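A quick write-up on the structure given underneath.
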Ligand code: ARG
């Protein structure tokens, strides 16, 4: 990656590195440890290099700092350094010159906003969404696509090739049970396939599960407590019925595997109904997951038996109590004591079998050098087992680079209700996702009407929709992803604090300045390229904040933690707000006005770009 010349930390680090090398040739490779200053009254940046250096060389830290200073030439970049620049145990404080800062901002002010393309873009798979057929989507389903899509967008913004994979749970015995149930209903004339909804399917799914559930404990209790022949017969009938249903469901699965047309048609209908709703929700929530990203478990079905054969033949899988497992105790495969189960003793394959197969396809066929799973934290062991097995089998080895693909879990916590328990409706059911979105829109509409009474009802509706989507997404993405968080409409829809509506307002406010400017000032004024005059402390702080943008995006690309960008954007909005309070823009004149307009425009571009990287839509006006 070419070193970006606008990054003050980089520029200072280079200077410090050579000063350290001159002061202490024996420690020439020391890290200059440049960070943004926490106390802006002392400087903009500081170097913490003297302390570890002194320890290593056995000198006093302040002496080391003084020696570095002696060899440091920052005259063209920073305000003069002196004894007073050394603080505490040996920090060196640096304040950039206003003209240097202006130059750095001008270098940053490109269409790419300082994010240059990587020398070698990677192919990266992001596993996100992963809904299950015939199950209604509820609040628990939003974290994977919110987080996964934000990560995917970040990596795309950084210039990589991203392939989204929606690992739909669309295969296996549970689905076969639902198919069986719907086939029975159709045969009984109580169901028409054409009018099937996701709610119908959700009910059918539950009833099908229940019908296959054998109450063996009940039967046992009848016998243990001698409840008599009548009770025992009733329990026996239940068990027989469930056994029969279970056996039929397995037959349906065999039919599906053999592509028997009647069963397959019902399955297809179930898939269509589920996916139509899933993709509609994604569209509404500005989640970039479309039909082309679907790669359901069913698409791996035919590959599983040959893959397991391959594992057996190569001695990677072994038998254990009739089942097949891949052992992972070796540190190379994760030193996991629980082996990865890839075939049950009844011959059936598992969730893990498909996931091992998915690693193989993603690395061998798609060419992924990195696979990121945006999945619930509770599936961590599952993933580590799958990765261990895939590595052991050589499926994770990239065909071109010859190296194992990076396999990462962007794990997330649960969404909780006020009571600290998983978020549910008052009746204890999970909250349906479409209802949740409607509630957010209603809450947003009330606030928008109150804040902007003079807009038309049509404008209110569009604004409320965007505010609601921004509020929902932002509330999720501003949290540390591994942690659980409490869902609160009140908080997320508020215009105060680090919320979606606050961020949208920050953008709309700047756009408003330009609308006014268009009326008041000559549209041909050259503010987009006018020299920056950063005299006021708030102007400098805003400029420094702007320059941190590429680093914030890169941090998400590395840590896979979208909240780092969210937090940065919130700080930028805060720096803008302080600037705007202290520095009149339209009321100022001449070069100052042009310079300030340019700062406003740059801030708006960074905010809009950053929010779009998170997948949060913005508004022209509110
Ligand atoms: N369908 C799964 C579930 O509901 C999520 C799929 C996640 N992706 C994966 N490759 N396992 O838990």
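Rule-based calculations on the coordinates, nothing more; no lab input. If you're wondering where the values come from, they're calculated on a predicted model, not measured in any experiment. Glycine gets a Cβ as well: all are built from the backbone with ideal geometry, and neighbour counts include every protein chain shown.
In table form, for the structure just shown:
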quantity: Calculated diffusion of the stretch 379-520, Stokes-Einstein form, Kirkwood radius summed over Cα pairs, 25 °C and 0.890 mPa s, µm²/s; calculated: 132
quantity: Calculated SAXS-style log₁₀ I(q)/I(0) at q = 0.12, 0.14, 0.23 Å⁻¹ - the stretch 368-456, Debye, Cα scatterers; calculated: -0.66, -0.74, -1.11
quantity: Order of 211, 192 under a 10 Å beta carbon neighbour criterion, fewest first; calculated: 192, 211
quantity: For the stretch 200-297: Kirkwood Rh in Å [reciprocal of mean 1/r, alpha carbons]; calculated: 16.6
quantity: Long-range tail of P(r) for the stretch 68-163 (Cα pairs > 23 Å, %); calculated: 60
quantity: For the stretch 406-469, diffusion coefficient by Stokes-Einstein and Kirkwood Rh (Cα), 4 °C, 1.567 mPa s, µm²/s; calculated: 91
quantity: Between the stretch 125-170 and the stretch 211-226, the Cα center-to-center distance that results, in Å; calculated: 42
quantity: Fraction of the pair-distance distribution of the stretch 503-622 above 26 Å, Cα-Cα pairs, percent; calculated: 20
quantity: Debye-sum result for the stretch 72-126 in log10 I(q)/I(0), which assumes one identical scatterer on each alpha carbon, at q = 0.29 Å⁻¹; calculated: -1.11
quantity: Angstrom value of the Kirkwood radius, inverse mean 1/r, which spans all Cα pairs in the stretch 244-323; calculated: 15.8
quantity: Peptides 88-99, 296-307 ordered by average Cβ neighbours within 10 Å, highest first; calculated: 88-99, 296-307
quantity: Structure-based [θ]222 nm, the chain - -39500 (n - 2.57) summed over DSSP H runs of at least 4, per residue, nearest 500; calculated: -17000 deg cm²/dmol
quantity: Under the Debye formula (equal points on every Cα, no solvent term), log10 I(q)/I(0) of the stretch 1-138 at q = 0.10, 0.13, 0.14, 0.19 Å⁻¹; calculated: -0.46, -0.64, -0.71, -1.07
quantity: Cα long-axis angle, helix 457-477 against the chain (0 to 90 degrees, to the nearest 10); calculated: 90
quantity: Folded to 0 to 90 degrees: helix 61-71 orientation relative to the chain principal axis, Cα; calculated: 60
quantity: Relative contact order (percent, whole number), the stretch 522-598, Cα cutoff 8 Å, 6+ residue spacing; calculated: 51
quantity: Ranked list, fewest to most other Cβ atoms within 10 Å of each Cβ, for 474, 167, 286; calculated: 286, 167, 474
quantity: Share of Cα-Cα pairs in the stretch 443-544 lying beyond 18 Å, as whole percent; calculated: 63
quantity: Ellipsoid semi-axes in whole angstrom, largest first, where each is sqrt(5λ) of the Cα gyration tensor of the chain; calculated: 55, 33, 21
quantity: Kirkwood Rh in Å, taken over all unlike Cα pairs in the stretch 264-365; calculated: 15.9
quantity: Pairwise centroid distance, computed over Cα atoms, of the stretch 42-77 with the stretch 296-351, Å; calculated: 57
quantity: Sequence of 527, 171 once ranked by neighbouring C-beta atoms within 10 Å, starting from the fewest; calculated: 527, 171
quantity: Paramagnetic label zone (point 7 Å from Cα along Cα-to-C-beta, residue 454; backbone N under 20 Å) in the stretch 509-532; calculated: 509-521
quantity: In degrees, nearest ten, helix 173-187 long axis to first principal axis of the chain (Cα); calculated: 60
quantity: Two-decimal Rg/Rh across the stretch 545-612, once Rg and the Kirkwood Rh are taken from alpha-carbon atoms; calculated: 1.07
quantity: Spatial separation of Cα centroids for the stretch 555-622 and the stretch 356-397, in angstrom; calculated: 38
quantity: Cα-based convex hull volume of the stretch 144-232 per residue, rounded to whole Å³; calculated: 181
